[in-house]
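Have a look at the structure below before the remarks.
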Amino acid sequence: MTDTVMQAREGNRPAFERLIDHYQGDIYRLIFYRIRSRMDAEDLTQDVFVRAYRSISRIREPHKFRSWLFRIAINRVNDYLRKKRVRSIFKSSDEGTEVQPADTDFQDTPEALDQVLKEDFWRHIERIAAKLSKMEHEVFMLRFMDNLNINEIARILKKSESTVKTHLYRALAKFKKEKGLRQFLQEDLT
Amino acid sequence: MNTHSPDERHLGEDHILQAVIDDADLPALQQQHLAECSRCQADRERLENELAHLGKMAQRYTPQPLKRIRVADEKTRSPFFIRGFAFSAAAVAAVFIVVWATFLIRSQQPGRIGNLAQDMVEAERLMTEINVLVENALPQAYLDIVGETNLNLDEDFMDFLIPTDGGAPRISAFAKKGSILC
């Protein structure tokens with residue numbers, strides 16, 4: 001992948017498109033986990049790659065491309081959430097959320113059950129997120145939902161590895177106390 | 001961070017958490033214990049499995065993107081740029097409309113008040129002219145001949161000069177009552 005990054009850095013567009021194909025799923029999910037809106041996640045993903053394309057010529061260490069790309073995504077998410085908070089002052093509380101269409105005919109179908117489980121899952125995630133500090137939440141998400149290692153997280157957040165581990169330890173200690181989420185995970189595992 | 005479990009032989013919760021984050025950070029003794037103890041390994045695996053499953057579930061419950069990412073050329077603008085440009089254009093248009101409307105209203109308001117005031121002055125002047133004519137219907141030249149500008153004629157005299165409709169009311173009224181006409 002480093003070769004592809006180097007080719008893209010030299011202005012090779014097909015090489016950059018290969019990078020898009022490789023990373024777009026990860027970037028889209030990273031964004032969706034944090035903003036919980038498919039359409040906005042798609043737009044932000046597009047925006048992340050446009051920004052990456054414009055500044056890839058400045059990347060010095062091609063092997064750090066992944067963490068560089070993830071940092072762009074995290075920054076864009078933070079910008080988005082900041083703007084959303086400002087906009088929310090001028091909007092009513094029910095605006096700006098994607099509402100899933102309710103279909104009463106499918107209440108007993110597997111699709112309906114899956115929908116309920118999905119809503120439960122994100123509710124549990126929101127509940128634990130509320131108990132974590134901003135940094136604990138970020139390192140927890142990056143480590144266990146985005147599946148990045150400690151070194152990558154440290155690079156993305158521009159923190160030392162020991163700082164990342166400390167926040168991760170605190171986040172895990174809170175996760176262990178979150179019986180509801182753990183039971184939910186256990187039930188799905190069995 | 002390094003509190004020990006009641007059972008000294010096994011790792012405590014804090015060590016399990018440390019092991020999940022990075023087992024290289026465990027003290028040597030605990031690392032050795034973890035390598036040999038199936039129960040502690042199971043504790044760590046249970047937590048690791050839960051966390052791994054958390055990641056899998058998050059992935060499972062994420063809707064598939066419908067749009068394909070395109071970075072066509074330099075002309076490509078991010079959707080947020082386009083959206084931002086549209087918002088800016090709309091804001092400029094709104095400000096222009098507000099300013100224009102305010103200017104229009106302000107330019108009309110003083111004129112309207114001016115016209116109204118002018119109309120009132122005209123009406124006042126006309127009423128004054130009418131009142132003068134009511135008081136003294138004769139032109140000024142005739143009034144000068146008479147020598148009096150204000151004759152102060154009372155109602156009875158005016159009735160005498162210009163009888164109301166229905167004949168000569170006062171005279172006929174007297175006549176009905178049996179008064180003698182002169």
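None of the figures in this text is laboratory data; all of them are computed from the coordinates on show. The structure displayed is predicted, hence computed values, not measured ones. Cβ atoms come from the backbone with ideal geometry, glycine included; neighbour counts cover every protein chain shown.
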Normalising by the residue count of chain A, find the relative contact order in percent from Cα pairs under 8 Å and 6+ residues apart.
18 percent
If you wrap a convex hull around the alpha carbons of the range A:112-185, what volume per residue comes out, as a whole number of Å³?
82 Å³
Along the range A:32-45, what does the Karplus equation 6.51 cos²θ - 1.76 cosθ + 1.60 (θ = phi - 60°) give for ³J(HN,Hα), rounded to whole Hz, x for Gly and Pro?
4, 4, 9, 10, 6, 9, 4, 5, 5, 5, 5, 4, 5, 4
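Calculate the dipole size of chain A relative to its Cα centre from +1 charges on Lys and Arg beta carbons and -1 charges on Asp and Glu beta carbons; express the result in debye to the nearest 20. Let's see the in-between values first.
On the way: 37 positive and 30 negative charges, 320 e Å.
With only Lys, Arg, Asp and Glu charged at Cβ, the dipole is about 1540 debye.
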Phi to ³J(HN,Hα) by Karplus 6.51 cos²θ - 1.76 cosθ + 1.60 over the range A:129-146, Hz, x for Gly, Pro:
4, 5, 8, 9, 6, 4, 6, 4, 4, 5, 5, 5, 5, 4, 7, 9, 9, 8
Surpassing 22 Å at the alpha-carbon level, of the pairs A:K131/A:K179; A:K134/A:K177; A:K159/B:K56; A:K83/A:K176; A:K118/B:K56; A:K159/B:K67, are A:K159/B:K56; A:K83/A:K176; A:K159/B:K67
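Once every DSSP H run of n ≥ 4 in chain A is given -39500 (n - 2.57) and the sum is divided by its residues, what mean residue ellipticity at 222 nm do you get, rounded to the nearest 500 deg cm²/dmol? Mind showing how you got there, number by number?
Numbers: 9 runs with 140 residues, N = 190.
Theoretical 222 nm ellipticity from helices: -24500 deg cm²/dmol.
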Rank these for me by crowding, B:M127, A:M6, going from fewest to most other beta carbons within 10 Å.
B:M127, A:M6
Taking the Cα atoms of chain A, report the difference between the largest and smallest coordinate on each principal axis, in whole Å and largest first.
54, 41, 39
